[in-house]
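The values are calculated or read from the model by the stated rules, or taken from the named source; none is laboratory data. For clarity, every value in this text was computed on a predicted model and none was experimentally measured. Glycine gets a Cβ as well: all are built from the backbone with ideal geometry, and neighbour counts include every protein chain shown. Only protein heavy atoms, including side chains, enter the accessible area calculation; ligands, DNA and RNA are left aside. Shrake-Rupley method; radii C 1.70, N 1.55, O 1.52, S 1.80 Å.
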Amino acid sequence: MSKVGKQAGPAPEPRAAELVRNVAVVGHAGAGKTTLVEALLARTGTVPRAGRTVDGTTVGDSEEVEIRLQRSVALALAPLEHRGVKVNLLDTPGSPDFVGELRAGLRAADAALFVISAVDGVDAMTVQLWDECAAVGMPRAIVVTQLDRPRADFDDSVALCQRLLGEGVHPLYLPMHGDDESVAGVIGLISQRVYDWSSGDRVERDPDPEHLPLIESLRGELLEAVIAESEDETLLDRYLGGEVIDPKVVTGDLELAVARGNFFPVLPAAPLTLLGTDELLEVLTQAMPTPLEHPSPVVTRPDGSPAAPITCDPDGPLVAEVVKTTSDPYLGRVSLIRVFSGTLTPDAVVHISGHGLVERGHPDHDADERVGTLSTPLGALMRPVAECRAGDIVSVAKLTSAETGDTISGKDDPLLVAPWDLPEPQHAIAVEAASRADEDKLGTALQRLVAEDPTVRLERQAETGQLLLWCVGEAHAEVLVDRLKTRYGVAVTLPEVKVALRETLARPVSVTGRHVKQSGGHGQYAVVHMEFEPLPAGEGLVFEQTVVGGAVPGNYIPSVEKGVRAQMERGIDGRPLVDLKAILTDGKAHSVDSSDAAFQSAGALAVREACQTAGVQVLEPVSAIEVRLPSSYVGSVMSDLSGRRARVTGSTITEEDESLVSAEVPDLELLHYPAELRSLSHGTGSFTRRYLRHEPLPAHLTPKA
């Protein structure tokens, strides 16, 4: 827990939805999201002073791994109160490896605040996320931060946003520079007032004469964009006709324009000095939409049958969703919950339902549980609250069956919200317990990780025997391994991931399998003459027999097949043998010493002899992949795929102007592909995969495999 969090005051009181704002703070890694949230918390008196990432004292980064890495890896809720309005800031990680946390934050939010660095500008992942928000009509605003750093340029940042993010992007305030060119305040374009911080405190005053041309050049375009959304259809004509419009009228239309998702205000900020925080708080509380203005999710019954639509009504049926799950050593499982309808209260018996994530290792489940204490989290600090009404966010401890993405509804009226879109985990790590003591705890710890994070999948690979933890990327994997150690006390080793290679015969061959042993008493006697030949991929074992004259008694023929099949499953070099035609042509038996076990052994020996004589062909798995990325990166991805022995099977353009590249790629070439694709596409590319078939591995790669 951060030191700041320990000194925080009580939680904001529950209130009506029109006095709540849920805002996801998003942007690329290093843009200053957590620092901005800290500044807003300090400015509103939520915490006595702003924490610093480098000191490990921020509210948002409370996990040990975040403090050590000095970057966010998990969604964090930071509620504050400003002029009677509660603002739930959902601080999201900027790294593409933690996109699951980002998606959860957007699910709980009604609007998004994009944080852009005045030094680093707009990256491709930010543009992609902007387009995703636009596709669902999510209201957005932009904050240009780090204005107090060298090479910071607000004008260039705004121009870049307007070029890359599209229409509707307009500055609402401008930074004001002092004599030494440092940022000394902000200039309001609507109010035509200066908010001067040069004295260390915010002082409102008239603009200087040199500010007026700049205000005039940008104010007209801003007012036109805002007034165009006004419900007063005469207002724009009156403004264009020269009428002076009251700033209060413009401010009211600003909220409407932002809520409709057609206007996106840009604000300057220097969070370390709190400059710009007052203006941002006004936008958050006055311009961002309330939960009443955000569409409620579609609900069904747990069996899939339709249910009546819900609204953001505290007296309606209870419908809430678990957007994040964590494990606390003292509180147990802690669920962060967004309430969409109804009111969640302590001691209420609720229905918990999770469906639709079976393929990710989350079996469908339904259970009734009693709600414990409700809390409003501030980083790691839990502050009790009496209830949580529709439109708000709350934490509940010890809901033992609740997982991320689950729906919480009334016990007598169970409902289900469909899970949100999540990336398919494509980066696998093999996990082994470091000791016997760790082995006893590993299974439980891994299951908890899966319950917490729907972008994680656990798999026991049948052919290699390895326990695989599928993650979004390498950084995601590092954090999960760290949590195993620090949160659950489980040390693990990470052996190299094995690809499920197979073998088949290199050519047809005839062999004899002879199992003869005599050690006193009954011996063991079985001799089989067999022909083997490789079959096309996927044919499995085809067993035939042409024995005449009873050379192999009929009751022992199934024993031979059983021995052949068992040896194929075991393989010769630890890899299963596949796609063989085995013909039993002749053999010998003994009236006393022959047995079922003897002929099984003879069949197995025949397989081994066939492999030794004819040799084997190693087969590697090949997957069909589909890569989705902006069209500007297709050339680089195509070139990279050609170096991975891939066969490109198609390339198309989607309606969203993205490219879909289809290819068949050996699994050996996909072991580190998620990281490579992310690098090639600047964090914007993703891919899906499905097993296709096994193919012969090139001879020069066999030693490496």
Rh (Kirkwood, all Cα-Cα pairs) for the stretch 144-232, Å, reads 14.2
I'd like the accessible area for Leu214, computed on protein heavy atoms only with a 1.4 Å probe and all protein chains in place. Round to 10 Å², please. 80
proj_area_mean for the stretch 365-406 (convex hull on C-alpha atoms), units nm², value 3.7
Karplus-derived 3J(HN,Hα), 6.51/-1.76/1.60, for each residue of the stretch 256-265, Hz, glycine and proline x: 5, 5, 5, 4, 6, x, 10, 10, 10, x
Taking the alpha-carbon distance from Lys562 and a cut-off under 15 Å, which aspartates and glutamates remain once sequence neighbours fewer than 8 residues away in the same chain are dropped? Glu544, Asp596
How large is the accessible surface of Lys588 in square angstrom, using a 1.4 angstrom probe and rounding to the nearest 10? 110
Using +1 on the beta carbon of Lys and Arg, -1 on that of Asp and Glu, and nothing else charged, what's the dipole of the chain about the Cα centre, debye to 20? 3060
Cα centroids of the stretch 212-268 and the stretch 546-589: how far apart, whole angstrom? 84
Using distinct alpha-carbon pairs, which all enter the 1/r mean, Kirkwood radius of the stretch 444-537 in Å: 18.2
Compute the Rg to Rh ratio over the stretch 531-629 from the alpha carbon atoms, using the Kirkwood formula for Rh, and round to two decimal places. 1.12
Give me, ordered by chain and number, the residues 5 or more places off Gly342 or on other chains with an amide H under 5 Å from its own placed amide H. Asp313, Asp315, Gly316, Val319, Ala390
Ranked by accessible surface with a 1.4 Å probe, highest first, in what order do Thr400, Thr376 come? Thr400, Thr376
For a 27 Å ceiling on Cα separation, which of these pairs sit above it: Lys86/Lys485; Lys86/Lys248; Lys398/Lys485; Lys411/Lys441; Lys441/Lys498? Lys86/Lys485; Lys411/Lys441
Ratio for the stretch 5-156, C-alpha Rg to 2.2 N^0.38 Å, reads 1.01
Tell me, what ³J(HN,Hα) does each residue in the stretch 63-71 have, in order and in whole Hz, if you take phi through Karplus 6.51 cos²θ - 1.76 cosθ + 1.60 with θ = phi - 60° and put x for Gly and Pro? 6, 4, 5, 5, 5, 5, 7, 6, 7
In whole angstrom, and with the biggest value first, how far do the Cα coordinates of the stretch 559-700 range along each principal axis? 76, 30, 23
May I ask for the distance between the Cα centers of the stretch 300-336 and the stretch 94-114, given as a whole number of Å? 18
Relative to the longest principal axis of the chain, what angle (0 to 90°, nearest 10) does the C-alpha long axis of helix 474-486 take? 90
per DSSP, antiparallel bridges as share of beta bridges in the chain, % nearest 5, sits at 80
Sorting Arg15, Arg333, Arg565 on solvent-accessible surface, 1.4 Å probe, most exposed first, gives Arg565, Arg333, Arg15
Summarise the accessible area of the chain (1.4 Å probe, protein heavy atoms) by the percent that is carbon and sulfur. 49
Counting only heavy atoms of protein chains, what accessible area per residue, in Å², does the chain have with a probe of 1.4 Å? 43
Solvent exposure, largest accessible area first (probe 1.4 Å, DNA, RNA and ligands not counted), of His28, His682, His529: His682, His529, His28
Charge dipole magnitude, Cβ of K and R +1, D and E -1 - the stretch 18-73, Cα centre, debye nearest 20: 200
Amide H proximity to Leu378 below 5 Å, modelled H, separation 5+ or other chain, gives Arg383
For the stretch 506-625, size of Cβ-based charge dipole, Lys and Arg +1, Asp and Glu -1, in debye: 280
Here the convex hull volume per residue of the stretch 263-322, taken over Cα atoms and given in Å³, is 149
With eigenvalues of the C-alpha gyration tensor scaled by 5 and rooted, the chain, Å: 62, 28, 23
